[in-house]
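Enquirer: This is the structure I have questions about; it appears just below.
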């Protein structure tokens, strides 16, 4: 049973985390101009893609390990390995990409921010397994709120995004040390003398989830890279601004899904399949209702609000905004099914799903953006997310029905 305090703190934490990019982008647009805002947007997208390596599907695997087959220390060591790999790949990618100095340092600092966030995820998962999800919500709130304040103050004083991001990274690291590292002692001992075979096993088990997440990050950001290939940072900034309301749907999906990861594991491992399916369908239904509310709100107030928040004129993009919100629903629903398949330990099917979708995302958006500009970018988003949802739904239905049949035979 999910406790009230867990739900409240997880909701607040998920909200702030989901809005972080939008708020920093607003600061950049107003204080540093559209070009720097465009650089920040594509750098943030790059950090998100690399983050898939640091994430590695470990949160899903760790929280649904309700029978405690692996220790916290084993999950922590695994996490440290994957964030080290993420950092090396990220630095190599940035240096080989020939980014100009501002973009290079923005990317590096955003990767550092993601490293801290990923290591913290391992501690949050342990809190959740001990019935204290609210502690994870609190660390997200403290780190991100403090980071936003530091970023805003430094950017207001210096008008330098690099200095501001450095401040954000440092304050996040300090709070992680003072909060996460201190609280974990209440629940478990951290012992780095772990079983290497278990680490290898976790890496193997989570690899399909990691590949899926990595490809999914590319799929989500494929349109942004299509715009980036044109070198037009102003269009990049405009697209990211009207894309922001889709994060409301993503935010809602996060604060709904995260508390249910443990019940997912409990119901599936306990062979209570109907309850498991009911939760999945209820979450998707809640997302559909939330999407309808966001669409209505954005139809009436979306453009005026974004005009004020970002200080730019966006009236010509109203229809694009509403379509992007729909794409947000399709992605969020796909993410529900992704977590469900991970709980079912059918990670390989999620990898197949993302590979199928990535084939389209690799070639089509660049052509549509080149021929139709912003309209082509929005059309690409709708088709990509639609394909992702359909493929994920087909595999989920297949695994679920097959499991039911197998249990009836047994």
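The values are calculated or read from the model by the stated rules, or taken from the named source; none is laboratory data. As the structure is a computational prediction, the values presented were derived from the model and not from experiment. For neighbour counting, all protein chains shown are included, and Cβ atoms are generated from backbone atoms with ideal geometry for every residue, glycine included.
Enquirer: Restricting to the range 190-204, count the residues that are within 22 Å of residue 127 (Cβ to Cβ) and at pLDDT below 85.
Expert: The total comes to 4.
Enquirer: Continuing with this model, one more query. Among (1) over 30 Å from residue 318 (Cα atoms); (2) loosely packed, with under 13 Cβ neighbours inside 10 Å; (3) modelled with pLDDT of 80 or more, there is one condition residue 270 misses while meeting the rest; what is its number?
Expert: (3)
Conditions tested, residue by residue: (1) crowded, with 20+ Cβ neighbours inside 10 Å; (2) modelled with pLDDT under 75; (3) assigned to a helix (DSSP H, G or I); (4) within 17 Å of the chain's Cα centre (by Cα).
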| residue | (1), (2), (3), (4) |
| --- | --- |
| 217 | yes, no, yes, yes |
| 235 | no, yes, yes, no |
| 265 | yes, yes, yes, no |
| 278 | no, no, yes, no |
| 286 | no, no, yes, no |
| 293 | no, no, yes, no |
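Enquirer: If you go through the range 369-386 one residue at a time, do you hit one that is under 21 Å from residue 268 (Cβ atoms) and at pLDDT 85 or above?
Expert: No, the range 369-386 contains no residue that is under 21 Å from residue 268 (Cβ atoms) and at pLDDT 85 or above.
Enquirer: How do the pairs read when you match residues in the range 1-15 that are farther than 16 Å from residue 254 by Cα with residues anywhere that are modelled with pLDDT of 75 or more and part of a helix (DSSP H, G or I), using Cβ under 7 Å and keeping only pairs 6 or more apart or on different chains?
Expert: Taking only residues 6 or more apart or on different chains, the pairs are 5/134.
Enquirer: Enumerate the pairs (first residue in the range 28-52 and farther than 11 Å from residue 310 by Cβ; second residue anywhere and outside any helix (DSSP H, G or I) and modelled with pLDDT of 80 or more) with beta-carbon separation below 7 Å, excluding pairs fewer than 6 apart on the same chain, so at least 6 apart or on different chains.
Expert: Pairs that qualify, where the first residue is farther than 11 Å from residue 310 by Cβ and the partner is outside any helix (DSSP H, G or I) and modelled with pLDDT of 80 or more, are 31/159; 32/159.
Enquirer: A follow-up question, please. Can you say whether residue 67 is modelled with pLDDT under 85 and part of a loop (DSSP other than H, G, I, E, B), as far as the supplied structure shows?
Expert: When the stated conditions are applied, residue 67 passes them.
Enquirer: Let me ask something else about it. Could you check how many residues of the range 325-353 are part of a helix (DSSP H, G or I) and closer than 16 Å to residue 399 by Cβ?
Expert: Number of matching residues: 16.
Enquirer: Could you grab me the full set of residues in the range 297-312 that are exposed (fewer than 15 other Cβ atoms within 10 Å of the Cβ) and touching a helix residue (DSSP H, G or I) at 6+ places or on another chain (Cβ under 6 Å)?
Expert: Selection gives 311 alone.
Enquirer: Another question, then. Does residue 112 fit the bill of being more than 24 Å from residue 38 (Cβ to Cβ), part of a helix (DSSP H, G or I), in contact (Cβ under 8 Å) with a residue 12 or more places away in the chain and out of contact with any strand residue (DSSP E or B) (no Cβ under 6 Å at 6 or more places or on another chain)?
Expert: It is false that residue 112 is more than 24 Å from residue 38 (Cβ to Cβ), part of a helix (DSSP H, G or I), in contact (Cβ under 8 Å) with a residue 12 or more places away in the chain and out of contact with any strand residue (DSSP E or B) (no Cβ under 6 Å at 6 or more places or on another chain).
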